[in-house]
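To start, the structure under review is shown below, and the notes come after it.
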Amino acid sequence: RLVLRLLAARAEVLVERAAEVTGRPVVVATAVVRDGAVLAARRTRPAELAGRWELPGGRVEQGEAEPDAVVRELREELGVDVRVTGRLGTDLPLADVLLRVHTAELAPGSPEPEPLEHGALRWVDAADVPGLDWVPADRAVAADLVTLLRSG
Ligand code: 9L3
Ligand code: MG
């Protein structure tokens, strides 16, 4: 079992390297889950995405571990402290980046999320996930999101 776990960890590292080798920067998106709902954020830019909802996140910096990028981005965008709990769905190749979705929960004592860089925030439950006007990339993980919310 230990061997399997080590192999799984190794495989994860290789997948992350692969993204670097393909030359595409990784953008992390985050499903922050609480009480059976996920936190959706309304984008204000660029024009073609403005008004549509996303899982918050952003670019991973050079040499930065992805979970650290999740924590940093959510602190910057929402003013919260999160704990990363896992991954959701498969990597999504966008035009010039690779989008990877992580799952997280608010850390105990975290401030409530505030839309510091978004137009609005909303907790969305499983029933409302399919009907939300997601940005195209995030639409691809909607089914996985519903499964995640129903399983918790
Ligand atoms: N993006 C798509 N879905 C998301 C996030 C966080 C980001 N859930 C795309 C939009 C931009 C690029 O990734 O093309 C960089 O994101 P940001 O730095 O504008 O948030
Ligand atoms: Mg962002």
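The C-alpha atoms of the chain define a longest principal axis, and helix 142-151 lies at about 90 degrees to it.
Annotation for L14 and T147: the two label points, set 7 Å from Cα along the Cα-Cβ direction, are 2.3 nm apart.
When only Cα pairs below 8 angstrom with a gap of at least 6 residues are kept, the chain shows a relative contact order of 28 percent. Between the stretch 56-76 and the stretch 77-96, what's the alpha-carbon centroid distance in Å? Centre-to-centre distance over Cα atoms comes out at 8 Å. Annotation: amide H of V32 within the under-5 Å range of L39, A104, sequence separation 5 or more or interchain, hydrogens built in the peptide plane. The Cα atoms of the chain define a convex hull whose projected area, averaged across directions, is 9.6 nm². Spin-label model, T85 to W123: label points 7 Å out along the Cα-to-beta-carbon direction sit 1.3 nm apart.
Amide H contacts for L132 (H built 1.01 Å from N in the peptide plane; partners 5 or more residues away or on another chain; cut-off under 5 Å): none found.
Read the figures in this text as sums done on the coordinates, not as results from a lab. These figures come from a predicted structure and were not determined experimentally. Neighbour counts run over all protein chains shown; Cβ positions are idealised from the backbone, glycine included.
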